[in-house]
1. Being hydroxyl-bearing (Ser, Thr, Tyr) and away from chain B (no Cβ under 14 Å) is the filter; apply it to segment A:193-250 and report the residue that is surrounded by the fewest Cβ atoms within 10 Å (Cβ to Cβ).
2. Can you tell me which residues in segment B:230-280 are touching a residue at least 12 places away in the same chain (Cβ under 8 Å) and of a type in the set (Ser, Thr, Tyr)?
3. Return yes or no: is A:Leu129 away from chain B (no Cβ under 14 Å), touching a residue at least 60 places away in the same chain (Cβ under 8 Å), in a loop (DSSP other than H, G, I, E, B) and under 22 Å from the mean Cα position of the chain (by Cα)?
4. For segment A:3-51, give me each residue that is touching a residue at least 60 places away in the same chain (Cβ under 8 Å), of a type in the set (Phe, Trp, Tyr) and closer than 20 Å to A:Val237 by Cβ.
5. Select from segment A:6-26 the residues that are among the aromatic types (Phe, Trp, Tyr) and over 24 Å from the mean Cα position of the chain (by Cα) and list them in ascending order.
6. Would you point out the residue of segment B:128-170, among those that are touching a strand residue (DSSP E or B) at 6+ places or on another chain (Cβ under 6 Å) and not in a loop (DSSP other than H, G, I, E, B), that is farthest from the other protein chains (Cβ to nearest Cβ)?
7. Of the residues in segment B:90-133, how many are charged (D, E, K, R) and more than 18 Å from the chain's Cα centre (by Cα)?
8. Being among the aromatic types (Phe, Trp, Tyr), closer than 28 Å to A:Thr73 by Cα and within 14 Å of chain B (Cβ to nearest Cβ) is the filter; apply it to segment A:84-126 and report the residue that is surrounded by the most Cβ atoms within 10 Å (Cβ to Cβ).
Amino acid sequence: MNFLQWARSPWGQSVPIHIAWSLIWIAVIAGFCFMVVHALYLIVVKPPKRFAERKAEAAVAAVPERVPRHTLTARLFHWIMAASMIALLITAFLPRVGIQFNWVVYHWIAGLVLTASILFHVVHSTFFLDFWSIWPDKTDLIDARNRTLRFFGKDAPLPSKFAKYPLENKLYHAAVMVAGLAVIVTGLFMMKRVQTGIFVRNPYLFSDMTWGWMYVLHGLAGVGFIALTIMHIYMGVRPEKLPITKSMIFGWMSRDFYLEEHDTGRWAPKGAKSDSGKGLAASDGD
Amino acid sequence: MAVFRDVMPAFDLLQPDTAAEAQQLLAQNGADAWVMAGGLDSFDWLKDRIKKPRALVDLSGVDELRGIRVSAAGVEIGAMTTLTEIANHPEIRRNYSLLSDAVSLVASPQIRNQGTLGGNVSQDVRCWYYRGGWPCYRAGGNICYADTPVGRNREHAIFGANRCVAVHPSDSVPALIALDARFVVQTAKGEREVDAEDYFVGPEIDITRINILQPGDLLTAIRIPNAWAGARFYFEKVRDRNVWDFPLMNVASAVKLTGGNIDQIRLAVNAVSPRPMRLKAVEDAVRGKPANTDTGRMAGNMAVEGAVPLQFNAYKIPLMRNLVKRAIVGQQEAA
């Protein structure tokens, strides 16, 4: 099976032109396989949710009934980015599976919205939120190791409760970041190939080979987003994750859910103090 | 790159006797099938080895696709009817001379003897980059070689460019649009009839197709209603070589006059855009106005609004302006 489509350039060079469109269906199948396997795992294995004792019991009393999780700005960013991503997927792939419409203009407009929202997010999360809260830390890695060992029946300490984001969430963010960076950078260059009224067209900006690999990278990241989006929507509607999804709409999660899943020592709610002495102002963002 | 330009690639030659059988064969072979009518476009593609179908469905033996049937409702022209037959048919010359005028200007007499109406309306674009087998957008690639600062695009589009800038090359199509013709398509689900202008697909919708035919579909006939029979017609084709060439541009109009004023009009232009253009806004603007030079000039100016020339085809803007003016007033008045 060929994953790329190749063509002969006018200069006799064999160049890639884009991904094989069958990868669309492979990405769809991968996304649904993830759903099925994950759902079966939870139904059949029924893994117990067991955590080590939280590090800051003293701070529990200070936890409010509604624990702020996402600011209005962060929520607006999330939903604008989600809308643009859905628009990009629809305009990119529906024509490839037989639903024809005038997609190019809507695609690059949605791409510009995504680019603007991501630029905003980079600045916002770097300077106004707790930048490191979405990156795996040492505790995450130790807990991942312990959870894996316990899954295989080995003797290992109980993992800690989560900080603001579970490790899986952080890894998902990293995957989206890599794929997003790929589609944005390649997409912006690809706008030089079509009539947008924004850039002066210059299809000879790069060689055919460079353009070809750019289209391939754009396509690979694009189909990657199909699988990533299916996974994200699936996790968002799972019953045990609904409090997190609701917090992306309303901005807060309940005190009970917070205490059940999160460690006040790793992520303290607003008004309380964590063990590290950091106020919540530094960790109440996205 | 080795280029073979003398021997066609091997394919299964399928020669049905009926339209139903032809449609069935097309459906069976799907995207691997190639429909051949007169063969004039097909043999170029095949001998250049740009298109390599697995099966070729030759319609030359399907008699029911041939002929011109006159009825009270108008005329029905089988898709395999030759352009010469149409040009010489008395009823078409009498009441629908727009079409006979248009097909009389297609290529050369030999080609008109062999070429069919179905083939003429369904032929592919003439862009040499595309026909040369280069991996352009229309060929499934990711570039338009014609729309570059150095691309040879004198014959290309001034409207409707969307990555691809090739133009539709048919002479008969604008006449059929002006006559309000309907195209009959046989599909696996049954017969489907579409307005002439809706038969064509622009690159913004599907850059690799030029018409609505999906794998398995067959254009069987073109029906011209009698609504425009005997109207005042105008067809003009501009080409580099008057003896035999594709159009640089052509225009067709059907006009009904009442007391010198334009009562009803249909106006179409081709070779300016990837799909034939019906100028509805111009039709609306000139309706009720006298068919004179002032109206023609206004129509011409209006027709070229929004035109975006490429590096070498800006001449098409004044050309279109003047052709539309002539189509409104008639060549004699405009001269």
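1. Of the residues in segment A:193-250, the ones hydroxyl-bearing (Ser, Thr, Tyr) are A:196, A:204, A:207, A:210, A:215, A:229, A:234, A:245, A:247.
Still in the running and away from chain B (no Cβ under 14 Å): A:229, A:234, A:245, A:247.
On the way: A:Thr229: 18, A:Tyr234: 17, A:Thr245: 15, A:Ser247: 20.
Once the filter is applied, the top-ranked residue is A:Thr245.
2. B:Tyr234, B:Ser253, B:Ser273
3. Working: away from chain B (no Cβ under 14 Å): yes; touching a residue at least 60 places away in the same chain (Cβ under 8 Å): yes; in a loop (DSSP other than H, G, I, E, B): yes; under 22 Å from the mean Cα position of the chain (by Cα): yes.
Judged against the criteria, A:Leu129 is a match.
4. A:Phe32, A:Phe34
5. Matches in segment A:6-26: A:Trp6, A:Trp11.
6. Per the criteria, the residue is B:Arg138.
7. Step one: list which residues in segment B:90-133 are charged (D, E, K, R), which gives B:91, B:93-94, B:101, B:112, B:124, B:126, B:131.
Add one more test, that the residue is more than 18 Å from the chain's Cα centre (by Cα), and what stays is B:91, B:93-94.
Summing the residues that are charged (D, E, K, R) and more than 18 Å from the chain's Cα centre (by Cα) in segment B:90-133 gives 3.
8. We begin by selecting, within segment A:84-126, every residue among the aromatic types (Phe, Trp, Tyr); these are A:93, A:101, A:103, A:106, A:108, A:120.
The next check asks that each one be closer than 28 Å to A:Thr73 by Cα; those that pass are A:106, A:108, A:120.
The next check asks that each one be within 14 Å of chain B (Cβ to nearest Cβ); those that pass are A:106, A:108.
Details: A:Tyr106: 15, A:Trp108: 20.
Only one residue fits best here, namely A:Trp108.
The values are calculated or read from the model by the stated rules, or taken from the named source; none is laboratory data. Predicted model, so just to flag it, every value in this text is computed and none were measured. Cβ sites come from the backbone with ideal geometry, for glycine too, and all protein chains shown count toward neighbours.
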